[in-house]
Structures are given as C-alpha cells and as structure tokens.
Amino acid sequence: MSVLEVAGLAKTYQRNRKPLEAIRELTFTVDAGQLVCVVGPSGAGKTTLLRCIAGLLEPTSGEVRLNGEKVTGPPRGMAVVFQEYGRSLFPWMTVRQNVERPLIEKRLSKPDRRAAVDEALSAVGLLDSHDAHPWQLSGGMQQRVAIARAIAYQPSVLVMDEPFAAVDAQTRAELEDLVRSIWQRLNVTIVFVTHDIDEAVYLGQRVLVLSNRPTVVLEDVTVDLPAERDQISTRSHARFAELRAHVYRLVQQAKKGLRETSPTL
Amino acid sequence: MSVLEVAGLAKTYQRNRKPLEAIRELTFTVDAGQLVCVVGPSGAGKTTLLRCIAGLLEPTSGEVRLNGEKVTGPPRGMAVVFQEYGRSLFPWMTVRQNVERPLIEKRLSKPDRRAAVDEALSAVGLLDSHDAHPWQLSGGMQQRVAIARAIAYQPSVLVMDEPFAAVDAQTRAELEDLVRSIWQRLNVTIVFVTHDIDEAVYLGQRVLVLSNRPTVVLEDVTVDLPAERDQISTRSHARFAELRAHVYRLVQQAKKGLRETSPTL
Amino acid sequence: GGSDDEPGQTGADGTTKLSVGVIPILDVAPIYLGIEQGFFKEQGLELELQKAQGGAAIVPAVVSGQYQLGYSNTTSLLIAASQGLSLKVVANGNNSTGEPGKDFGGVVVPENSPIRSAADLAGKRVAINTLQNINTTTVNKVVRDDGGDPSKISYTELAFPEIPAAVANGDVDAGQVVEPFLTIAQQQGMRVIASNFAQTDPKLNVGMYFTSQQYASQNADVVEKFATAMKQSLNYADDNPEAAREILSSYTEIEPEIREAVTLPQWPEQIDTNSVQVLSDLALQDGLIEEQPDLTELLP
Amino acid sequence: MRSSRTGLGLLGLLLVAAVFEVLPRAGLVNRDYLPPASEMAGKLAELLGDSAFWTATGQTLRGWGAGLAVAMVAGVAAGAVIGSVPVLREFTASTIEFLRPIPSVALIPLVVLIYGSRPESALVLVVYAALWQVLVQVLYGVADVDPVARDTARSYGFSKLSIARNILLPTALPYILTGFRLAAAVALILEITAELVIGVPGLGQLIGVAQSSGAVPRTYALVIVVGLIGVFVNSLARMLERRLLHWHPSVRREVPA
Amino acid sequence: MIRRIVAAVALPVVLIALWWLLTANSTSYFWPPLADILKVLPDTWFGERARTDIAPSIARLLIGYLCALVIGVAAGVAIGISPVLRALTEPSLEFFRAIPPPVLVPVIALFAGYTGSLSKVITIALGCLWPILLNTVEGVRGVDEVLLDTARSYRLPRHSVILPAAGPQIAAGARQALSIAVILMVISELFGASNGIGASVVQFQRSFAVPQMWTGIIVLGLLGVLLSLIFRVAEHRALAWYRGWRDAERASR
Ligand SMILES: Nc1ncnc2c1ncn2[C@@H]1O[C@H](COP(=O)(O)OP(=O)(O)OP(=O)(O)O)[C@@H](O)[C@H]1O
Ligand SMILES: Nc1ncnc2c1ncn2[C@@H]1O[C@H](COP(=O)(O)OP(=O)(O)OP(=O)(O)O)[C@@H](O)[C@H]1O
Ligand SMILES: [Mg+2]
Ligand SMILES: [Mg+2]
C-alpha cells in the first residue's frame, strides 16, 4: 500500500521575472515503511521536491498525496530535517529545548519527553551538550541536533535533506546505522536525500535518481541487497559495487545531460 | 620556508559560565605553496582552528604567525570559505555581485573583475545563474558561489572549511580537481578542512588528523602520492588505499578516545 | 464615590464642591486668597483649583462640564462667545493699573534699542504670547494711537518665559510680557516702551471668571454664592497687596526678590463693561471675530 | 564588565554635565537662561527635600507606567495578530498609516473635553502615542521571522498559538524591546507634556508652574529629573534585554570570548 | 492590483462612513457633523494657506527628517559597532531622549534662535533621531556573525555589509521617525512660529473654530499618509532583495 504518491509534480520558480523550470514532471510512489533515497545533481530540485512533500511549498502543477489525502499544508506525523540545519534550529532554545519542543506540541507527558530527548541526544552523541545553545556548537553538532529532533519526534514519515553533510566519516557511518535501526524498529517511511551515492545504496531499498534541471525521474533503482546490512560486509558485497557503479553512471549522465555549464579552468 | 606557523594554540570557550576546552594544544607549520588537509571528528575544533588562522577569533593562548607576523586580525591576501556557506553570502547581492565585491576592494579594474568573475563562476558551473540572488539557489549552488568568490579573489592563502559538503559526488570530484589545478597554477597555500577521508588523501600533500576535544594533533600524515593526480588512477593506487585506511583508523581512534557519548539506541 | 465627591453637586453637609480652572499666574491671586480667608467656605463652597496652561484649555473644559468655573482672559471669552459657545461671566478677574509704565504687562526692548515709542514697533519683529488675542489687539491699538501702522508688525508667538531671552538674543526686536517676566526683563536691563493694557483703557478688563450658560441656569444659587465670595476676595486682595504677594508663594515658584518687585494688577469687584466693549471692538477690527457677541448675554 | 559599562555611562553623563557647566560660565550663553550645571544641581538637591516634588514624581510615574503597560499589551497583541494574518495586515495598513501620524498633541482639546485635567487625559494621550511605537516594531519583528525556522515549526505540527509563542515571540523580541524603549520614552514625553499643557498633576505641572514663574534653575532641575527617569527606564530595558535576549547575536557578541 | 486598492480603502471607507453617521445630527460644539468639517476644508487649506502654511511646514519637516536620517544612521552604525562607545553614550542619549520637546525647545532656541526655521528643523531632527538611531544600533548589533566574518576576512569595509544587513531594521526606525516628524512639526510650531500647519491648528483651537481645527487634524493625517506612501516606495526599492527573499521563502503557503 502506498503511503506517499507524487503525481505529475512540477514546480516553476520566478527568478528576476523570468520563469525557471526547476521540476518538470515527477511521478512516483512510496509504500508504507519503505526507505527511499533520492540522489541527483546539485540544483536538480531535491530540496524543492521535499518541500512539496512536507507541504511547505505549493507545486505549480501536479500533486502530492499522503495516505490518499492531498497535501496542502504540513501533514501531521511527519518530521523534516532541513538542509539548512543551522537556520532550522531555534537559537533562543538550548539543544534540549530544541529537541523537546515538538514533543510538547505532541502532548507527550513530561517523563516520556525526557526519556525520548535523552535517548535521541545520546544516539547522536550529544547528551553532554544538552544545555548548550545551537550557536555554541560546531556545524556537525548542529546537524546532529536537527537529526535528534526528528527521531525523538517518532514520526510516521521522516523526510531528510542531506542530513549527514556536515559530519565526519565515522559519525556518518554510525548515523547511517542509526537511521536504519530506527526505520526497522519503528516501521517508519523514510525519504532520504543525499549526494553520497554509497550512502544512498547502503541505506535505501530504492534509489530515485533525478535528472538535471528541468527535472524528471531518470531511473528508479531497486536496491536488492539483503535487509540486514552492516558497514563492513554490505559495502564489500559485489552487488553493492555494481549498484553503486550503476547509480554513479546515472548521476554522471544526468549531470552531463542538461548541465548549465561544465567546469573548465 | 614556512608561511603559516601555529604554535601552542589553545582555545577555551565559555558555555553557560563553565569553561569548555575546545583546543588544548596545536602546533604545526605549513610551507609556502603547500596543500594541507585537516580531518578530525565532528566538534574537534577544526572550525575554531580556521577562525584563529583567519584572524577572526582570538586564541586563549599560543599564536598564529603568517609570513612571520603574528595574526591579530584578518590578514591581507587570505580568502576563507566558511562552513556556514548559506549565511556567508550577502543576500542583498546577486551571485555576480557576491563574487565581484571583494575584487572591488582589491581595486581590480572593471574588465579584469569581469573576466575573473566569469572564469570563477563558469569553473563552478554557475555562469547561468550569475544574476540570481543566493536565496534563489539550491544549497549546493550556494556553496559553489562561496567557492567561486574565494578563487576569484586569487588569494595567497586559501582557507576552506568543508567546502564541498553540500554538492553531489560528481560535482565534488570536479571541484576537487579544480582546487588542485588552481593550487598548482597559482602556487597558493591551502588549508582544507574536510570530513571526507578519501578527499583529504586525494587532495593533500599532508593530512593533519586532529583528536577529539580537547584537541591536539594526533598525527601529521604525509601523503606520498605522485603530484599528478586524477580521480581514476590516483584513487585506485595501492598507496592511496593504505593512506586512506591509516587515516580512517586514526579518526576512528580519535573519536573513541574522548568521545562524549557513544551512539546507542 | 457618592454625590459628596462629585464636583458641582451639593453634598449632604450642604457644601458644594467646585472645580475651577485657573492659570497659575499673578492674576488669580484673589481666588487663592479667598480660599485662604475662608470666603468661599462661608458660602458653603469648597473650591478645587485646577491649574491649566491657558484659557484655550479651560474654556472647553468648562463648556463640557469638566470644570464648573474657570478663569480666562477677556478676549478669549469674546472669541468663544462669538463662535457660539454659551458662556456666562460670573465675576470680575483683574484689570490694568491704568498707569503707563507701571502696569503688570508691557512691551520691552533691549536697553540700547532704537525703538523709543510704540509707533517705532511698526516694521519690527515682536514676540507675543498668543497670536490673535488680547495682547496683539492691545499692542496694535497702542501703536495705532501712537501714529504707527500696526499691520507692519510681524508677530512671533513665544511663551512668556522665553520672550525676555529672545529679546536679549536679538531674535526679536521687542516682546510683550506680563509679570513676573516684566520685572525680570527690567532687572536684566530692558526698557518698557509701552504699557499695552493701560494705554488701551485705564481700567482695561483683562480677565474674568466664567461658567457655562447651562450650569449658570441650572445652579443659579451656586453661581450667586461664588460671585459673592469672589467679590469679597477681589476686595480683600485689592486692600491687602502684601497678602496678595505673600500668597503667590503658595502656587507659583516666583523668587522672593521678584515677588516683592512685581507690579500687581487691580482687582475691582465690578466688571468694567466699557472696557470689555473696547476689547470687543478691537477684536472685530483686527479680524479675530466676525461679529460682536451679545455682551448682555455674556456678562452678568 | 557590567560595572565598567556603568562607569563609562556615568563618565558620558559627567562629560555632558561639564559642557553645560562651561558654556554659561564662559559666557557663551546667557546664564540667566541657561544656568551652569552646578546651579541646576543645587536646585535639584533642594527638590529632593520637597514632599510636593515626591508626590508629583509618584503621580507622573504612575500615569506613565499605566499608559505604557496598556500600550505594550495592546500593541504586542494587535501587532502579533495583524502581522501574522496577511489579510488583516493588508486591510489595516492604510488606516494605521493615517491614524499614526495624527499628533497626539492635536488630541489635547479632545481629551480635555472628555476628561478635563484628570489623569485620564494624560493616560489617553500616552496610550495613543506609545501604542504606535510598539505596534509598528512588532509588525516589523513578525515580518522578520526566518522562513526556515517557521517551516521547521510548521512541519513539526506546532499549533498556531505555539508558533506565536515559540517562534514569533522570540524573533520579534528584539523588536519588541526596541519598541518598549521607544514607547517608554514617548510615553514619558506625552505624560509630561500633558501635565504641562493640560495641567494634569505631576512633574510636568511643576515644570509649567516654574516656567511661568520665571524660576529658571528650578525648571532645569525638574527637567533633569525627567531625563534621569528616562535613563533609569533605559537601564531597566537593557537589563531585561540581557536576560531575555542572551541568545541573540547582539547580546552574545558582548560576552567576552 | 484591484484587490490591493480595495484593501487599502476598505477600512478607511467604513470608518469615515461611521464618523459621518455618528456625527450627522450632532449639535455638540466640539463634534461637528463631518459634512460641516468637509465643507470648510477646501477654503481653509487650499487657498493662500497652501503656500503660507503648508509649504513651510513640509519643508521644515523634510529637512529635519533627512538630517535625522543621515545623522541617526551614521551615529547608529558607529555606536552599534563599538561596545565602548555605546556604554559611554547610551545614558546621555537616553537622558536627552526622555526630555519632552516642549521643555527642550527653549534650550534649542537659546542656541538656534527663537524665530526662524532653524530651531524648528533642529527640534524635528532631534525627535526623529531616536527611533532611527536606536533601530540602527539594534540592527547593527544583530547582524549575522558569519556575514560579518566574511566581510572581515575579505577586508570589505564594515559598513558595506552592516548597512544592508541592518537595512530592514533601519527601515523600521525610519518609518517610525516619519510619524514622529509630523508630531514634532506641530510641537515645534507651538513655540515661536508665525506660520505652519501646526500653528494654524493651534490657532483654530484657541479661537474655538472647531470645524477648522478638525480639518487641521485631517490635513495632518493626510500628510502622514502621503509621506508614508512615498516612504513605502523608497523602502520597496532599497529593500527589494529583502522582500524578494522573504516572499520567495514564504511563497510557500
Ligand atoms: N526561491 C527560489 N527562487 C528561484 N529559484 C529557486 C528558488 N529556490 C530554488 N530555486 C532554483 O530551483 C532549482 C532547484 O533547487 P533545489 O534547492 O530544489 O535543488 P537541490 O536539488 O536541493 O540542490 P542541492 O543538492 O544543491 O541542495 C535550482 O536551480 C535553484 O536555483
Ligand atoms: N561560540 C561558542 N561557544 C561555546 N562553545 C563553542 C563555540 N563555538 C564552538 N564551540 C565548541 O567548540 C568545539 C569545537 O567547535 P568547532 O566548530 O571548532 O568544531 P569543528 O571541528 O569545526 O566541528 P564540525 O566538523 O562539526 O564542524 C565544539 O565542542 C563546540 O561545541
Ligand atoms: Mg537542496
Ligand atoms: Mg566546523
């Protein structure tokens, strides 16, 4: 059963009074409890797509349906990790308050909130910094706060926009496993944007490869790796290498296709 | 001859009236025209170090010397790419103006400026978006504007803080080669912070591995790969794999060492 | 509160509380004296004096019933009456001393000014407290009588306290002031070249106490009692100038030396109808009003 | 740090006082109209022993405080509602623009009409004048909310009220505090002016009496008191700011690194 | 477009209609029927007075306002940047700010003359200064640190970043100052003026010409609207990027 349906989605921005066709046509569905990764060249429209799914941006045409209902505003039970993690944290709140605030909205009892916040913060390794303000943290730490906020929220749909861009390799691997373990434990539906192809293949059940602007779905790659994954064995799997190479080629092709200008110097 | 000397550098922040020892003791030098990469766990103090080098932050003790002179304010001829790329672009200027503005300060003639801006923008693949405002761009595009601004500036020292965090794999590879080509052509000294270990080894002549907080230099790894590098052959070099593995182990060790809390869930 | 506290109403104990709007200047010394001497109490009145900055604030307050009575200069009352505001004068206020050079208001110039007499004011800049009011009409009259052309005077409005300073600074050529600024200006060496009140009419009526027609007709007895006590007060003030000087310290901040030196106005108990008519004529002549108010309506 | 700030501020005030001491003494201005600062200070000391002065100060502070409180509550509430509902903002903009510049002083005859020289007159003027200061600042503050922060709140299902409390308020807070400081000053000005012109009891009335009696040093002494009240109010606002805005770049930058 | 015009006039029309109806049969001397007020409006203001009273008033207002703008922004940036300067000047500035113009006017007049326009221009400028100065100081203090660091490391002059970044808040102050300018224009004319809109209104009030006094209040309101319209156009141009930015990210929903 598909939880999320994106049908004929198109978005055209206005830039200096000229139309800028960011997304031409996107159609795909995500089943309940699926983990879908989205990759595509920089500027392809991944963030635009996520903002449409999150009900924060109105598409120019087409629609997004969640549990069969058209999305017209931020839907209930969805958590979003924004690409601009720095600006999405509230500077007037401490780390703990940032994570706890949405739970208050959800009317969780105080002890439950406390437990959920502590668990999420220790999962991203920030329990010690719980009383710091976001601007007292490093970039990677800020990003981890945003992740902790999303997982503490225990959403039914989790939407993440390049959530590990600012953390080191080791932490990144740990967070990848964290996302997979949460996904398996809570049966949450995840849409995960990344520009790291290894990460997309390692995490996802499917990888949606987007073309360059104006954007369409280039290919919907099914990741037929075993459900039990771990950093060492999965990544050394032969099929992993194949998939990785395939997706890499697709992205390369996407970029060449409609690239604005190609790097020279 | 060493251009940059960091001697006994230490930085302690105040967080909620308690001292927080970010950097304990850093000592190293960078020779003229060297390309040094800095890696370390999230929150290690890489950004703090760069801000001290850029003369934007006063160290608690120790000092930074540039060309033998103690750094007390932003030195001449240095360009910085900030980790918070989004916030470091001027929202009231177009992409072109953002790149051009520092050149006006440098008193470049108008045609020279134009040429430099066009070259830098096309190098990062953004010439078509020259008249957009930063907030009309995707995250990766914003980051590339910040990079274009730094390279158009033709600095003698270039300091970059995770400059490719928000771009896709393909673009990242292109930008890596761009940095190396500029470095070789202009003989600029580069300090490059990254959390991608492959990138550090691929780019640098040396990789400085920082420990966890309170930070010291864990190891100063010399990258003894040939000076002519390219994405395919260098990365498949046996020595590359060795170095990569070595640095990875170091970072892992750094993280374990003084890690605040380890991921669980 | 009960009717006891309501100003304008007679309380259970037979005393009537009255709010009276006054300007804290020399002119109203008698009403303060009257309270001190108990003249109002004898009539069963308890006055609550409200200090305001000028007739322009007091007239509307009386008309709207905020104050039962008020003090205002005569020309303001004439203007208000001719604009159709129904006012009723209750008692006399104060009058000119009638002695040029020794009145409580006059026109001052710097010591070395070429201006020697009122006629010289033509073509000059003159500071005045309120444009288009009693001071301009009387200065105009004095200039006209002296053979000058008052239409050539350029008036500038300044508050009394600033007029001596403006004259001294040379920002204006002359200024019309009343006590205590007349004394202050003279002590700073300025000359008085005209006494605009005294030279308009020796008994010139400068201010009066008034109420609204409505209040007067509904509370004729209260108004009558106020008038009686006021007359007593005026007489007492006229007879005891030292007491009048003394009472100034209770509601003004005039320095003791100045207090001793100021010229006090006359406080006759009768309204000089004749001089009110003069002011009314002048107001009409200078265009302050378009038609003369009915003085029999206005005056008691 | 805190104490050195206060010290510098006092130094600044002393410098101003020195200028006002020297100007009349050097004969640059006539000391009949601008007496030396020391003479004003002497009168000030006299005032402190005067019980009428303290009563008047109390009356002024009460009127000012009440007016300011009403204006703050009404201004913040109205600003938040109007600012966050685009339709309201659109439909009220022109009216606000029309009503705002109508000088509160032009309303004096009207309030005299309704309230005479009772304290309510001053209250109406104070509220009217201070309200716009707060309202406009709040409108700008609400417009300054970071879209990413707002989107974050919205996507986490914050209720309208919660967005107002947790996003709108903190963002608008610096603006509100600026509004508070502007409103506090304007309110004080209007309170004093009303007392001066209408005769509402308070410091302004004392100033009026002193002025019309030609008591120059006393006038200045009273004016100085009014100024000092202003300084006091501002330090209060600053204190509030340091507590409420410790997370804001403007405040956190001042913490020694 | 049409929608915007409707939005702009809807509420005023309702309010005016209410005023009209409520005062239609008014016999109160102080609340004359709106019809009577409007009847005397053209005669009162659009004849000789336009030249002798309206023009000088507006000239003084504009000069005073522009002076305040230049000084306020310049001083605001300086004070905003330097914590030492701020600590030094703040209490003194607060001191003068708290003094009501009616009592400050005599002191200004002592230096700038009692008659003539200079003291009035200074009064207006001084009153407008505070909102501009305060907002500029706050705006400058609130500029994003990363932005400042960027400017510093590229050795850009600080004001080139601070001014636009603090622009929205400076605009808030400038807007506020505009209505204060109108207020002070009136107040300044209460003292030592022989012409001007404020002086005329006060004159009407003193001579109990109530309908004319009301027309004065209306003219002052209209003047305020006109000035704020002009201001809005200027702000629109100067802060186009800001509006674009906020609109773009808000275009959302
Ligand atoms: N507010 C806007 N106004 C105009 N154009 C915009 C706006 N926001 C985005 N765009 C344009 O839409 C395109 C897609 O942007 P989007 O942010 O969705 O890309 P992305 O796939 O998330 O890229 P990245 O990986 O770099 O974050 C880009 O070309 C961008 O310039
Ligand atoms: N303004 C500040 N106040 C207090 N603590 C701070 C401040 N800035 C940074 N820190 C702390 O200093 C440490 C180092 O921060 P820094 O930003 O230098 O890390 P980093 O190595 O750049 O990390 P990342 O890779 O995540 O960007 C962190 O623990 C952070 O919490
Ligand atoms: Mg994006
Ligand atoms: Mg960092």
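The values are calculated or read from the model by the stated rules, or taken from the named source; none is laboratory data. All of these numbers come straight from a predicted model, not from anything done at the bench. In this analysis, Cβ positions are derived from the backbone assuming ideal geometry, glycine residues included, and neighbour counts consider all displayed protein chains.
Any chance you could count how many residues in segment D:137-193 are outside any helix (DSSP H, G or I) and without any contact (Cβ under 8 Å) to a residue 24 or more places away in the chain?
Count: 4.
Yes or no: segment B:165-181 includes at least one residue that is part of a loop (DSSP other than H, G, I, E, B) and at pLDDT 90 or above.
no
Return the only residue of C:R116, C:R144 being surrounded by fewer than 23 Cβ atoms within 10 Å (Cβ to Cβ), more than 14 Å from every other protein chain (Cβ to nearest Cβ), over 16 Å from the mean Cα position of the chain (by Cα) and part of a helix (DSSP H, G or I).
That would be C:R144, the only listed residue that is surrounded by fewer than 23 Cβ atoms within 10 Å (Cβ to Cβ), more than 14 Å from every other protein chain (Cβ to nearest Cβ), over 16 Å from the mean Cα position of the chain (by Cα) and part of a helix (DSSP H, G or I).
Residue under question is E:L134, and the condition is that it be touching a Leu at 6+ places or on another chain (Cβ under 9 Å) and of a type in the set (A, V, I, L, M); does it hold?
Yes.
Can you pull out the residues in segment C:53-73 that are part of a helix (DSSP H, G or I), more than 18 Å from D:T193 (Cα to Cα) and facing chain D (nearest Cβ under 7 Å)?
The answer is C:P60, and nothing else.
Considering every residue within segment E:26-41, establish whether at least one is within 28 Å of E:C128 (Cβ to Cβ), over 19 Å from the mean Cα position of the chain (by Cα) and assigned to a loop (DSSP other than H, G, I, E, B).
Within segment E:26-41 (the criterion being within 28 Å of E:C128 (Cβ to Cβ), over 19 Å from the mean Cα position of the chain (by Cα) and assigned to a loop (DSSP other than H, G, I, E, B)), the answer is no, since none of the residues qualifies.
Pick out the one residue from B:A44, B:A22, B:A7 that is near ligand 2 (Cβ under 9 Å from one of its atoms) and in a strand (DSSP E or B).
Being near ligand 2 (Cβ under 9 Å from one of its atoms) and in a strand (DSSP E or B) holds for just one of B:A44, B:A22, B:A7, which is B:A22.
Tell me yes or no: at least one residue of segment A:97-118 is within 16 Å of ligand 2 (Cβ to nearest atom), in contact with a helix residue (DSSP H, G or I) (Cβ under 8 Å, 6 or more places away or on another chain), within 26 Å of D:L161 (Cα to Cα) and polar (S, T, N, Q).
Yes, that holds for at least one residue.
Could you list all residues from segment D:3-24 that are at pLDDT below 85 and charged (D, E, K, R)?
Passing the criteria: only D:R5.
Assess whether E:A181 counts as being at pLDDT 85 or above, of a type in the set (G, A, S) and closer than 30 Å to B:Y153 by Cα.
no
Can you list residue pairs whose Cβ atoms sit under 7 Å apart, with the first residue in segment D:200-221 being closer than 18 Å to D:A122 by Cβ and the second being part of a loop (DSSP other than H, G, I, E, B) and small (G, A, S)? Count only pairs 6 or more apart in sequence or on different chains.
Within 7 Å, the pairs are D:V200/D:S117; D:Q205/D:G199.
Counting residues that are without any contact (Cβ under 8 Å) to a residue 24 or more places away in the chain and either more than 19 Å from the chain's Cα centre (by Cα) or under 29 Å from D:G208 (Cα atoms) (or both), which helices (runs of 4 or more DSSP H) fully inside segment E:53-161 reach at least 2?
E:83-98, E:101-112, E:145-153
For residues that are of a type in the set (A, V, I, L, M, F, W, C), within 19 Å of A:V99 (Cα to Cα) and within 12 Å of chain B (Cβ to nearest Cβ), tally how many sit in segment A:149-165.
The number of residues fulfilling the criteria is 3.
Between a residue in segment B:166-180 that is facing chain A (nearest Cβ under 8 Å) and under 20 Å from A:A245 (Cβ atoms) and any residue that is more than 12 Å from ligand 1 (Cβ to nearest atom) and not in a helix (DSSP H, G or I), which pairs come within a Cβ distance under 6 Å, given they are 6 or more apart or on different chains?
Taking only residues 6 or more apart or on different chains, the pairs are B:E174/A:P263.
Please tell me if E:V201 is more than 13 Å from chain B (Cβ to nearest Cβ) and part of a helix (DSSP H, G or I).
yes
Hey, can you tell me all the residues within segment B:231-265 that are part of a loop (DSSP other than H, G, I, E, B) and either modelled with pLDDT of 85 or more or surrounded by 14 or more Cβ atoms within 10 Å (Cβ to Cβ) (or both)?
B:H237, B:R259, B:E260, B:T261, B:P263 - these are the residues of segment B:231-265 that are part of a loop (DSSP other than H, G, I, E, B) and either modelled with pLDDT of 85 or more or surrounded by 14 or more Cβ atoms within 10 Å (Cβ to Cβ) (or both).
Any residue in segment E:18-33 that is away from chain D (no Cβ under 13 Å) and in contact with a Ser or Thr (Cβ under 9 Å, 6 or more places away or on another chain)?
Yes: segment E:18-33 contains one or more residues that are away from chain D (no Cβ under 13 Å) and in contact with a Ser or Thr (Cβ under 9 Å, 6 or more places away or on another chain).
Among the numbered criteria (1) assigned to a helix (DSSP H, G or I); (2) at pLDDT below 90, which one does C:P300 miss?
(1)
Residue-wise test of (1) within 11 Å of another protein chain (Cβ to nearest Cβ); (2) farther than 28 Å from A:H133 by Cβ; (3) crowded, with 19+ Cβ neighbours inside 10 Å; (4) of a type in the set (A, V, I, L, M, F, W, C).
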{"residue": "A:L20", "(1), (2), (3), (4)": "yes, yes, no, yes"}
{"residue": "A:L26", "(1), (2), (3), (4)": "no, yes, yes, yes"}
{"residue": "A:D31", "(1), (2), (3), (4)": "no, yes, no, no"}
{"residue": "A:G40", "(1), (2), (3), (4)": "yes, yes, yes, no"}
{"residue": "A:K70", "(1), (2), (3), (4)": "no, yes, no, no"}
{"residue": "A:M78", "(1), (2), (3), (4)": "yes, no, yes, yes"}
{"residue": "A:R101", "(1), (2), (3), (4)": "yes, no, yes, no"}
